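To start, the structure itself, in structure tokens.
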Amino acid sequence: MTEQMTRYDRRMFELMNRPEAAVLYATARRRRLVVAAHIVLTLASLAAWLGTVLGESAWVMYALLALLLPWCVATGVINAATRGLLELRHRALDERQIADKRRVVTRAHRLTTWVLLAAAAGVGALTWLGEVDTEALAFPVLFAVFVVHWIAPLWVAGLTVADGPVDDEVVGDEAAASPPPAA
């Protein structure tokens, strides 16, 4: 940390390192479940948003609003699990965290490259087969790929964060249910 942290940086650092929600992300299994739920909520929100923009049904807007709160909670849990790795400014991170952030962003953008390839191949195949009007697909596909590009670093960070020190109060019943390690 070469630069002086601002009051905002200190507040965000404190917020991202609060222990109250640790029970939700204490184990890799729980983090995977939260990331999977976040992916489902993101895709459902994306579909609902596209439905409000491209469709004519008013109920889709209510579905979007209903998805917003659980999506925000899942985002907060992933951010807390990563201790704000992607949300904190560089001056609030140490060298290891900066390296982790770069690694996560690199992996996420590699994933996004494959998503772009799949989207291009899918649209190309549908166009070649003459099944769908390309102009009708352009906006939804591009917007979906944009959302994946934007949020993929959070998913990768949530899936790759290392377990913290084991705390019996945080882990709870999962530690008691798991078999002892083999010697």
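The values are calculated or read from the model by the stated rules, or taken from the named source; none is laboratory data. Quick caveat, the model's predicted, so the values are computed rather than measured. Ideal geometry is used to build each Cβ from the backbone, glycine not excepted, and the neighbour counts take in all protein chains shown.
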- Message: Residue pairs, Cβ under 7 Å, 6 or more apart or interchain, first in the range 41-64 and surrounded by 14 or more Cβ atoms within 10 Å (Cβ to Cβ), second not basic (Lys, Arg) and not in a helix (DSSP H, G or I). List them.
- Response: Gly51/Ser57
- Query: Across the range 113-122, what is the number of residues that are surrounded by fewer than 12 Cβ atoms within 10 Å (Cβ to Cβ) and not hydroxyl-bearing (Ser, Thr, Tyr)?
  - Reply: 4
- Cross-chain or 6+ apart pairs with Cβ under 7 Å, the range 137-159 first and surrounded by 17 or more Cβ atoms within 10 Å (Cβ to Cβ), then at pLDDT below 95 and not in a helix (DSSP H, G or I): Pro153/Leu86; Leu154/Leu86; Ala157/Thr82; Ala157/Leu85; Ala157/Leu86; Gly158/Thr82
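Within the range 123-144, is even one residue under 17 Å from the mean Cα position of the chain (by Cα) and among the polar types (S, T, N, Q)?
No, there is no match, as no residue in the range 123-144 is under 17 Å from the mean Cα position of the chain (by Cα) and among the polar types (S, T, N, Q).
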- Restricting the range 123-136 to residues that are in contact with a helix residue (DSSP H, G or I) (Cβ under 8 Å, 6 or more places away or on another chain) and not hydroxyl-bearing (Ser, Thr, Tyr), the one surrounded by the fewest Cβ atoms within 10 Å (Cβ to Cβ) turns out to be Val132
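Tell me which residues, restricted to the range 136-163, are modelled with pLDDT under 90 and under 17 Å from Glu87 (Cα atoms). Don't jump to the end; show me each part of the working.
First, the residues of the range 136-163 that are modelled with pLDDT under 90: 136-138, 161-163.
Correct list: Val161 only.
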- Note on the structure: Only unsatisfied item for Gly122, checking (1) over 23 Å from Leu142 (Cβ atoms); (2) part of a helix (DSSP H, G or I), is (1)
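State all residues of the range 93-112 that are part of a helix (DSSP H, G or I) and exposed (fewer than 11 other Cβ atoms within 10 Å of the Cβ); if no residue qualifies, say none.
Glu95, Arg96, Arg102
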- Query: Of the residues that sit in the range 1-38 and are in a helix (DSSP H, G or I) and among the β-branched types (Val, Ile, Thr), which one is nearest to Trp155 (Cα to Cα)?
  - Reply: Val35
- Task: Filter the range 72-92 down to residues that are over 13 Å from Ala157 (Cα atoms) and surrounded by 18 or more Cβ atoms within 10 Å (Cβ to Cβ) and give me whichever is modelled with the highest pLDDT.
- Result: Ala74
- Query: So, in the range 1-40, of the ones that are buried (at least 16 other Cβ atoms within 10 Å of the Cβ) and of a type in the set (Lys, Arg), which residue ends up nearest to the chain's Cα centre (by Cα)?
  - Reply: Arg31
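Please pick out the residue among Glu3, Glu95, Glu20 that is farther than 30 Å from Phe143 by Cα and either touching a Pro at 6+ places or on another chain (Cβ under 8 Å) or at pLDDT 90 or above (or both).
Only one candidate qualifies: Glu95.
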